[in-house]
Every structure is written in C-alpha cells, then in structure tokens.
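Visitor: I'd like to ask you about the structure that follows.
The values are calculated or read from the model by the stated rules, or taken from the named source; none is laboratory data. Only a predicted model underlies this, so the values are computations on that prediction, with no experimental measurement involved. Reconstructed Cβ throughout: ideal geometry from the backbone, glycine too, with neighbour counts over all protein chains shown. Remember, those area values only see protein heavy atoms, side chains included, never the ligands or the DNA or RNA. Shrake-Rupley method; radii C 1.70, N 1.55, O 1.52, S 1.80 Å.
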Amino acid sequence: MTRTFELGDAEVSVPLPEDAELSELEGLDAGARHLTWAPAPGGHFMLSAGTSPGHTADGLLAGEAERGSGLRVESDVPVPQVAPGARRVSYSVTRHQPRELRATAGGGTAVVPERDVRELSDLLFVPGGIRIGYRVEADAPAELRARLAAILDRVAVRSRGG
C-alpha cells in the first residue's frame, strides 16, 4: 500500500505494508517533521524534513563521524530520477550504547548490557531538507535490510512548488 506524506515542499510516496504504524518523533529539531516505523528490533525506516545540517548528506555524515566511530561510506550516488539534486548515501558507523533497563512483555525489566553496535544506513537526501531511508544493526537479519531497501528503492518524490 502506497502512502503519501507532505514533507517540506514535497509529497513523498512510500510503499509501506498496511500494518506499518508510523510514529511522529517530537523535539528532535525545531520546525522539523520526523516519522519513523520499526518493523522489527534492530531496524527502522524514517521520513524526515527539516533545516538542520543532518538533513543534508554532507551534514549528516559529518555528524555521524563526530558521534560514532569507524564511519565508512559504502556509496554516494546522485539519483536525479527521484528529484533534481537528490543523493542516495549508504554508510556504516559504530555507536556506543550504554547499559539500559527495558520493560519485558511480562511486566518485569531486563538489563541490556553496554555494547558497541555497528549500524548500516541507506538514506535518500532530496534538496529542500528531505531525508528518507532506513537504519539497521549490522547483525539484524538480512531479510529486514532487504525489506527496507526494497521500500526505499520505490520511494517517489514530487515537488508541491510547481
């Protein structure tokens, strides 16, 4: 099922499963819109529009290099068929996750030990501050990454500005 979202000055059509529930994230950037869907542990799909440096490929990569370690850009290619000036960037980075307590299904809590996590990201950047894509942990099932990549491959962006 294809859903259409207004992001910035564009309409973004995304082929999401019928049961995909997107959550709007608040407070990340003033004036920005962030929608996310987590189909399985270890991965999520996101749509975002804003004016922060993280809404450009170069700005996001600079931020990832500061916050994580071992940043490796796998590909950075223009995708003019999506929109003039659009880029698709795939990269990996390692992040440190501190120890945390998580609620369990039975009402208890479980300790998740601190660890370093390698994450793989595949993002589409559209001029005007639009970022669409996914992030998965490197050890997430290959099927999850393939599922999210197939969705990103079929994203369509149409300018509302004329």
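Visitor: Considering each residue of the stretch 18-55, count those that are open to solvent by 20 Å² or more (accessible area, probe 1.4 Å) and either part of a strand (DSSP E or B) or modelled with pLDDT of 95 or more (or both), and give that number.
Guide: 10
Visitor: Could you give every pair whose Cβ atoms fall below 6 Å, whose first residue belongs to the stretch 1-24 and is farther than 20 Å from residue 86 by Cβ and among the acidic types (Asp, Glu), and whose second residue is modelled with pLDDT under 95 and open to solvent by 90 Å² or more (accessible area, probe 1.4 Å), counting only separations of at least 6 or pairs across chains?
Guide: The qualifying pairs are 18/1.
Visitor: Just checking, how many residues over the stretch 70-81 are β-branched (Val, Ile, Thr) and open to solvent by 30 Å² or more (accessible area, probe 1.4 Å)? Steps first, please.
Guide: Restricting attention to the stretch 70-81, the residues satisfying the condition of being β-branched (Val, Ile, Thr) are 73, 77, 79.
When the remaining residues are screened for being open to solvent by 30 Å² or more (accessible area, probe 1.4 Å), the result is 73, 77.
Number of matching residues: 2.
Visitor: Kindly indicate whether any position in the stretch 121-143 is in a helix (DSSP H, G or I) and at pLDDT 90 or above.
Guide: Initially, the stretch 121-143 is screened for residues in a helix (DSSP H, G or I), giving 142-143.
When the remaining residues are screened for being at pLDDT 90 or above, the result is 142-143.
Yes, there is a match, as at least one residue in the stretch 121-143 is in a helix (DSSP H, G or I) and at pLDDT 90 or above.
Visitor: Moving on. Test residue 121 against the criterion of being under 26 Å from residue 147 (Cα atoms) and in contact with a Phe, Trp or Tyr (Cβ under 7 Å, 6 or more places away or on another chain), and give yes or no.
Guide: Taking the combined requirement at face value, the residue satisfies it.
Visitor: So which of 67, 87 ends up being without any contact (Cβ under 8 Å) to a residue 60 or more places away in the chain and either at positive phi or surrounded by fewer than 12 Cβ atoms within 10 Å (Cβ to Cβ) (or both)?
Guide: Values: 87 fails: either at positive phi or surrounded by fewer than 12 Cβ atoms within 10 Å (Cβ to Cβ) (or both).
The unique qualifying residue is 67.
Visitor: Select, from 72, 147, 88, the only residue that is under 18 Å from residue 45 (Cα atoms), assigned to a strand (DSSP E or B) and at pLDDT 95 or above. Spell out how you get there, then give the answer.
Guide: Working: 72 fails: under 18 Å from residue 45 (Cα atoms); 147 fails: assigned to a strand (DSSP E or B).
Answer to the selection: 88.
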